[in-house]
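Data first, discussion second: the structure below is written as structure tokens.
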Amino acid sequence: MQKIKSLTIEKTAKESPAGKHDIPLYIVAVTLAVFGVIMVYSASSYAAARNHGDAFFFVHKQIVGVIFGIIVMIILSRLDYRILKKLIIPILIISIGLLVIVLIPGVGMEVYGARRWIRLPFFTIQASEVSKFGFVIFLAAYMAKNHAKMNQARTLIPILAIGGVICVLIMLEPNMSITMVVGLVMLLMLFIGGTKISHFVVLCIPLALAVPVLILMEPYRVARLMAFVNPWANPLEEGFQLIQSFYSLGSGGLFGVGLFNSRQKYLFLPFAESDFIFSIIGEELGLIGVILVISAFVMLIYRGIKIARNSRDRFGAYLSAGIACLIAVQVAVNIAVVSGSIPPTGLPLPFISSGSSSLIVFLGGIGIQQSISRYGREKRG
């Protein structure tokens, strides 16, 4: 009887989660998402009322994104993340399939010359937002399986092949910003996985050379580059958005002009509710607000790295680290764009910018990290 009881206790201990939910991670992620709803309203209310007859046009969509995102986050946090490792082939097929489907005329929705969204009866999906997370899951699973051979060049071939296919499909939309994010995250994860420095350098050189080539292939990218070099050379055309972003950030000062009091949102700053929402944050909340927002992202990334370090298996470690890298790269690129540190490119600020697809998948990523925290953490004591 005692033996049966002992076996039952041992089995229960193995099946039960080894860790707990990372409460600070939940708090920061949900706070950023709710803050995003407030800022989307502030940045879009005037333009939405003027163009759509409803000041809450974008806010309604953002609230739906927050609700569905939190539901997805909770569901994924309760599922054992190791299931994703078993489903890696379907995940990869879906990731690539969505990028192919979005290019089909009549299915993919074209906005401002780019075909990035799949139109469904009640909502749209931005294919690249889903695919980049699918690629991270694939990378984590492949690197965990081949961790002992990551210093061999031939081990990198499947990663480069699949990463290349995804990047090419995203470029066909076209969407250079997400392509850059996918490429940078791939390099960071390979570095984390133990790729030889010599192999890493060999990979970086062609990727670095590809950037100017991709820019020169499209006239509008060349125009954006020229606007980055000297936006005042053409202040009413290519340089307009960046100049307005400078005005927005510069007028915020230390404490900002006050929440909902932005002047640039009155049709001066294009895409104020999406790609350039960080400029509105700087204008309304000032340097203090900007520092707080960046600090929240730093905390989010730190918690993800901590979960990765505490994971009992390599797949969980690589997956949490990959999601943290994805957040870090996208935040860094977005802030660099709105501050004029790199040429302008359309990229949402995670958790905050208007866009349900981005919001749902990033909150889903937090749910995966929570699952790793629960099921992948070593027991203490």
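What is the distance in Å between the Cα centroid of region 296-338 and that of region 147-207? Taking the Cα centre of region 147-207 as reference, the centre of region 296-338 is 17 Å away. For the chain, modelled as a GNM whose springs connect Cα atoms under 10 angstrom apart, the maximal fluctuation among V201, V136, V66 occurs at V201. Each residue of region 58-64 is assigned a 3J(HN,Hα), and the resulting list reads 7, 5, 4, 5, 5, 5, 4 Hz, derived from the Karplus form 6.51 cos²θ - 1.76 cosθ + 1.60 (θ = phi - 60°), x at Gly and Pro. Shown is the FRET efficiency for I215 and I93, computed with R0 = 30 Å from the Cβ-Cβ distance and rounded to the nearest 0.05: 0.45.
Maximal additional length on extending the A223-Y247 stretch stands at 6.6 nm, based on 0.36 nm per residue less the C-alpha distance.
Ranking T195, V290, I243 by how far each Cα lies toward the positive end of the dipole of region 185-325 (charges on Cβ) leaves T195 at the top.
For the chain, a simple Cβ point-charge model (Lys and Arg +1, Asp and Glu -1, everything else neutral) yields a dipole of about 1940 debye relative to the Cα centre.
How big is the gap, in Å, between the Cα center of region 256-273 and the Cα center of region 66-135? Rounded to whole Å, the Cα centres lie 31 Å apart.
Tell me the angle of helix 197-217 to the major Cα principal axis of the chain, expressed in degrees between 0 and 90 and rounded to the nearest ten. On a 0 to 90 degree scale, this one is about 30. Loop exposure criterion: trypsin sites (Lys or Arg not before Pro), DSSP state outside H, G, I, E and B, at most 12 other Cβ atoms within 10 Å. Applied to the chain, the longest stretch between such sites is 21-378.
Hand me the chymotrypsin sites (Phe, Trp or Tyr not before Pro) from region 99-208 located in a DSSP loop with no more than 11 other Cβ atoms within 10 Å, in residue order please. Those satisfying the criteria are Y112, F122. Dipole of the chain computed with +1 at Lys/Arg Cβ and -1 at Asp/Glu Cβ about the Cα centre; of M226, P348, I67, farthest Cα towards the positive end is I67. Taking every DSSP helix (H) stretch of at least 4 residues in the chain, weighting each as -39,500 (n - 2.57) and dividing the sum by the residue count yields a mean residue ellipticity at 222 nm of -23000 deg cm²/dmol. Counting only residues at least eight positions apart within a chain, or on another chain, the aspartates and glutamates with an alpha carbon under 19 Å from that of K149 are D313.
When the GluC sites (Glu not before Pro) in region 222-310 are filtered for DSSP coil states and for at most 14 other beta-carbon atoms within 10 Å of their beta-carbon, the remaining sites are E237. Please say if the chain is rounded, prolate or oblate, where rounded means a/c under 1.5 for a ≥ b ≥ c the square roots of the C-alpha gyration tensor eigenvalues, and otherwise the choice is prolate for a/b larger than b/c and oblate otherwise? In terms of gyration-tensor shape, prolate. Pairs with C-alpha atoms separated by more than 23 Å, drawn from the list K61/K86; K85/K306; K85/K132; K61/K85; K20/K85, are K61/K86; K61/K85. Which of rounded, prolate, oblate describes region 65-136, given a ≥ b ≥ c as roots of the alpha-carbon gyration tensor eigenvalues and a/c under 1.5 marking rounded, otherwise prolate only if a/b is larger than b/c? It comes out oblate by the Cα gyration axes.
Note down the relative contact order for the chain as a percent, whole number, built from C-alpha pairs under 8 angstrom at least six residues apart. Relative contact order, the chain: 29 percent.
Read-outs: derived from the displayed coordinates by stated rules, not from any lab. Bear in mind that the values here come from a model prediction, so they are computed numbers and not experimental data. Don't worry about glycine lacking a Cβ; one is built from the backbone with ideal geometry, like all the others, and counts go over all protein chains shown.
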